[in-house]
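Step one of this worksheet: look at the structure below.
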Amino acid sequence: MTMLTEPYAPWLRELNRIFTSEGAVAGFMPPADVFVVDDGVTVHMDVPGLNAESLEIELENDVLTVRGERRPPYATEDGERGVRRIERRFGKFERSLRVPHGLDPDAIDASLADGVLTLRIPKPAAPEPHRVQIKTGSSRQQELEGSKA
């Protein structure tokens, strides 16, 4: 009977995993749903554990950007020795989404409830034609005569 042995001790394999990117947890990137309808754009973004003060929203050049940071809810300085696995994602994030042309950054309505950021951006009203009245020389003369009296 032949017995197969591992080439490396389990502790050495674990140490190698710690110092390489293998098994590393990627940073937090919130998923988003974007709905474009006739009257505007609505974005729903999952940001669990965040509050309004930890988020920044910007609309520039038809790109909607949401920035923030999801901090771990526990101390990691002394507690790292007991950590066996961290699967949830934390860290700073920046999420940029292209939106239709011409949206007004001052018209964004943002709300945060149950870990979901909802952004509503109305499309601006189409400019209506404006009729300009043309004054003629005779109407101007009448205005001048009327002001003398």
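If R₀ is 35 angstrom, what is the calculated FRET efficiency for the pair H44 and E128, using the beta carbon separation as r and rounding to 0.05?
Numbers: r = 32 Å, r/R0 = 0.92.
Computed FRET efficiency for H44 and E128: 0.60.
Across D62, D33, the residue with the most accessible area heads the list, and the full order at a 1.4 Å probe is D33, D62.
Stretch R89-Y74 to full length: gain in nm at 0.36 nm per residue minus the Cα-Cα span?
Working: separation 15, 0.36 × 15 = 5.40 nm, distance 1.29 nm.
The R89-Y74 span can extend by a further 4.1 nm.
With a 1.4 Å probe rolled over the protein heavy atoms of all chains, the accessible area of R70, R98, R120, R131 falls in the order R131, R98, R120, R70, largest first.
The values are calculated or read from the model by the stated rules, or taken from the named source; none is laboratory data. From a predicted model like this one, the values you see are computed outputs, not experimental measurements. Here Cβ is always computed from backbone atoms with ideal geometry, including for glycine, and neighbour counts include all displayed protein chains. Just so you know, the surface numbers come from the protein's heavy atoms only, side chains and all, with ligands and any DNA or RNA stripped out. Shrake-Rupley method; radii C 1.70, N 1.55, O 1.52, S 1.80 Å.
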